[in-house]
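First up is the structure itself, then whatever we jot down about it.
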Amino acid sequence: MKQITSLAALLIPLMLMTANAAEPETASISPDHFKQVIFEDDFSAGKLSKRWGMYKSASIIRDGVMVGITPEDAGHPSVNTIRIEPQADLEVSVRFKFAGSKNFQVMYRDRTCKSSHAGHICHVAVTPKFLTMYDGKTGIFRKDIRETRKAKKKLDDSIVQLLKTKSSRHKLDLDQASWHQLVIRIQGDAMETFIDGKFIGRFQSEGLAHSTKDQVNLTTGQREMLYDDFQIKGASHK
């Protein structure tokens, strides 16, 4: 099996380029901003609902949880997708447990967005040691940047410096034998993350404010990741 698939090969080196800017000690995005439940799944039905799209995925339901599985030699991480009505502000929560794979991502996309590869807008990557928040739309998935990196060409120094502002990495020390809960809140151009109720960090970048996010993906880097109690909430109606 390929231990690092194509998407991971693009993402992981960028973690080394991430600037660790001073962060606030407390969150500022109110959970009360998100009162509209758009989708939720506790995987108790015994099989994936028809709402879930799959790409390069062998994911299944096992013992009441979703098992994220990247097929052998897939050449791309397993992607399990929920399509939603276009939204700007979103809260996503999911319980997770490492079960072989060392990383997963929660990814937000808009397939109609032509300036970003495959409509990637932003995402959060989690390993046992790090959580990284990305603005992909104006960062690593911006089409010219992505094509330069894919061709293994050297990035201009100005682009290297730009990319340092397009992600934010935070140290973790997660017990891989235990379940954890990730919560991601996006409001305007700001994203805040929490694990097990603890505030991890805040990140601001213009791409996060993209107003028509219409997909949320669970992307499993290798095999396997366990997921449960997945929920997407939208901003409350005024």
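Each value in this text was obtained by applying a stated rule to the coordinates, not by laboratory testing. Please read these numbers as outputs of a predicted model, since none were measured by experiment. Please note: Cβ atoms are built from the backbone with ideal geometry, for glycine as well, and neighbour counts cover all protein chains shown.
Assorted remarks:
- When residue 137 is tested against (1) charged (D, E, K, R); (2) in contact with a Gly (Cβ under 9 Å, 6 or more places away or on another chain); (3) closer than 21 Å to residue 30 by Cα, exactly one condition is not met: (3).
- Filter result for residue 139 (touching a Lys or Arg at 6+ places or on another chain (Cβ under 8 Å) and at positive phi): no
- Count of the stretch 68-77 residues which are in contact with a Phe, Trp or Tyr (Cβ under 8 Å, 6 or more places away or on another chain) and buried (at least 17 other Cβ atoms within 10 Å of the Cβ): 1
- Just one of the listed residues (84, 61) is surrounded by 15 or more Cβ atoms within 10 Å (Cβ to Cβ), among the aliphatic types (A, V, I, L, M) and either assigned to a loop (DSSP other than H, G, I, E, B) or in contact (Cβ under 8 Å) with a residue 24 or more places away in the chain (or both), and it is 84.
- The stretch 127-176: number of residues that are without any contact (Cβ under 8 Å) to a residue 40 or more places away in the chain and of a type in the set (A, V, I, L, M, F, W, C): 6
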